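K.L.:
Could you have a look at this structure, given as structure tokens, before my questions?
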Amino acid sequence: MSPTDLNRHRQALLTKKAGVERLARTRAFSRTRSHGDDGDRSMAATDDQIVIQLQQNDAKLLRAIDKALDRIVSGEYGICSECEEEIPQIRLDAVPWTRVCVPCKEGL
Ligand SMILES: [Zn+2]
């Protein structure tokens, strides 16, 4: 992969990471607030469930982004971890933290 492409994906990963972290902080705040609410308790519980689910998704995505950044450092970025072929740029542009190509992801 060219240094230009690599740099573009690195920037995309860092931007995405910052966005997810910002969102995660907002969610942590809204969760704290819902606990202090005297409103419908079952409703608050449901909201909590959703927020916890979202926080787990955030954590998973952040881990994937960190691993992708590690792979950039180690020079493994953009190589499918299943078939070891290069992952097409268009897929990396869409999902820069991916570690598998589309055929491998879909089990083809
Ligand atoms: Zn593959």
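The values are calculated or read from the model by the stated rules, or taken from the named source; none is laboratory data. Keep in mind it's a predicted model, so treat the numbers as computed, not measured. Ideal geometry is used to build each Cβ from the backbone, glycine not excepted, and the neighbour counts take in all protein chains shown. Heads up: the accessible areas ignore ligands, DNA and RNA and are worked out on the full protein's heavy atoms, side chains in. Shrake-Rupley method; radii C 1.70, N 1.55, O 1.52, S 1.80 Å.
K.L.:
Condition first: within 15 Å of the ligand (Cβ to nearest atom) and of a type in the set (S, T, N, Q). Now tell me which residues in segment 63-90 satisfy that.
P.N.:
Ser81, Gln89
K.L.:
What is the residue count in segment 75-108 for residues that are open to solvent by less than 70 Å² (accessible area, probe 1.4 Å), part of a helix (DSSP H, G or I) and within 17 Å of Asn7 (Cβ to Cβ)?
P.N.:
Adding up the residues that qualify gives 2.
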